[in-house]
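Undergrad: Got a structure for you, questions after.
Read the figures in this text as sums done on the coordinates, not as results from a lab. In this text, all values refer to a predicted model and were calculated from it rather than measured experimentally. Positions of Cβ are generated from backbone atoms using ideal geometry, with glycine treated the same way; all protein chains shown enter the neighbour counts.
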Amino acid sequence: MPSAFTGPLLARPLSALQVRWLAETVRRQEEAHGTLEDSAALAAALAAPAEFEARVLARAEVLGAREGWRDAILRSSMHVRLLLALAALLALVIGYAAAAGVLGDASRPVNVVWALGGLLGVHLLSLLLWVMGLMLAGAGLGAAAGGGLPGRVGASVLAALDRSPAAAALPTALAGLLAPGRSLRWGLGAINHGLWALALIGASAGALLLFATRRYGFLWETTILPADAFVGVGAALGHLPAALGFPVPDAATVAASGMAGAALDEAGRRAWAGWLLGCLLVYGLIPRLLLAALCALLWWRACAGLRLDLAQPGYAVLQARLLPDSVRLGVSDPAPPLSPRSCGQRGQGGGSGGVALALELGTDLFWPPAFLPAPGDDTDGRLDSREQRGAWLARLRAQTPRRLLIAVDARQTPDRGSLGLIAELAALAGETRVWALRPAGAADRLAQWQAGLDPYGIDLLGDERAARAWLETA
């Protein structure tokens, strides 16, 4: 169930990535389950700039808002931000805990080899694996090294964050949208390097705090290596930290740290502490920060240049409808009045009092009911075909009723198309009720109809007396 602060969030506009994500979701759903009822969406699309992608996006926004995908995308984005904030906090804590665990409580000298390996070993291994993954992806070797694995990781995370029915189609749509340009790789790379940078910041802060509040000794130990090996390694690793101003131990201090029972003076301890902090910064934190910034820049550029693949069949079939060869300019004929099934007097502002329509009633159900006036033309208010639905949507846009009564067959199971059309019609009327018709004694699905109408705030009427009374009060 959405939280109390979800409402204002869901009213926010979509970003360029999110609106294309929504369009890709609509395309995949229509390719799998057939074209959605889109009369209102088509009208909104034709009002957009005369560019194919812009109209595809405009149509998708209307359909996505109606079907719940738009809200699901915004919820998923909010959940991802919260998850990243928690991951960032956890990375800082883990980094601090790693430093505390490696350095200990100062009751024993710190083995500089184990300390450096403990603070940087896993970081360097993961960095090597990431670089190898990029190289394999560049060579086109394997789906796991290319866009497949990041796409599956992102899809799994999104699926775990939001299990609502509307969100079920989102992960595969996002992975399919980002896969061609490997955009998702850079986004996940920015997250990966950013979290590692935070962990290394936590480790650096922890080490600095412990060095400032405890008195540590430092040593190195070996059985088979000569002392000169450690002197050379210490000097090599300390070269860059020294260039940045960190104190590092000289050859004599390194050699003395390997002697059993040797005690270092204050300058030696400060030199080893500076060496450890400098190595942590130069070989850990700085590379991660640079890689996080690079991946974030590549992700931003990829999102800025993201475009729909309009050659996909689901988009190609829309071209004739969204970019018609000729467009009628102006109004040559006014919309016909709502007289065929309207009741009551015309209200304030030019809207009719009440209108009654029938949506796909069974042939054994009589329509129109006796309490409605005789039709004024050859229409009877039935919505059985695409043409009838389009005509009545146009009429309601031109002449808004105060009350709209929509009759449905209570024996049928409400599907997404019927509920979507009811929602479109309801948006064009002041108040709307649905009247469930069925022959006497026949089984009904009233509970399913009411459950389907609840998200739209539409009540269900179960008998003719209630329907007539409600409509005539208009």
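Undergrad: FRET efficiency for ILE286 and GLU53, Cβ-Cβ distance as r, R0 = 41 Å, nearest 0.05?
TA: Details: r = 41 Å, r/R0 = 1.00.
Computed FRET efficiency for ILE286 and GLU53: 0.50.
Undergrad: Here's another thing I want to ask about it. Once fully extended, how much extra length lies between VAL233 and LEU208, figured as 0.36 nm per residue of separation less the alpha-carbon to alpha-carbon distance?
TA: My answer for the length gained is 6.7 nm.
Undergrad: Tell me, what is the FRET efficiency for VAL80 and ALA370 to the nearest 0.05, using R0 = 56 angstrom and their Cβ-Cβ distance as r?
TA: With R0 = 56 Å, the Cβ-Cβ based efficiency is 0.50.
Undergrad: Among 44-52, 242-250, how do they line up by average Cβ neighbours within 10 Å per residue, starting with the highest?
TA: 242-250, 44-52
Undergrad: Roughly how many nanometres apart are two label points built 7 Å out from the Cα toward the Cβ at ASP415 and SER126?
TA: 4.9 nm
Undergrad: Grab the beta carbon distance between ALA311 and ASP384, set R0 = 35 Å, and tell me the FRET efficiency rounded to 0.05.
TA: So, using R0 = 35 Å, E works out to roughly 0.50.
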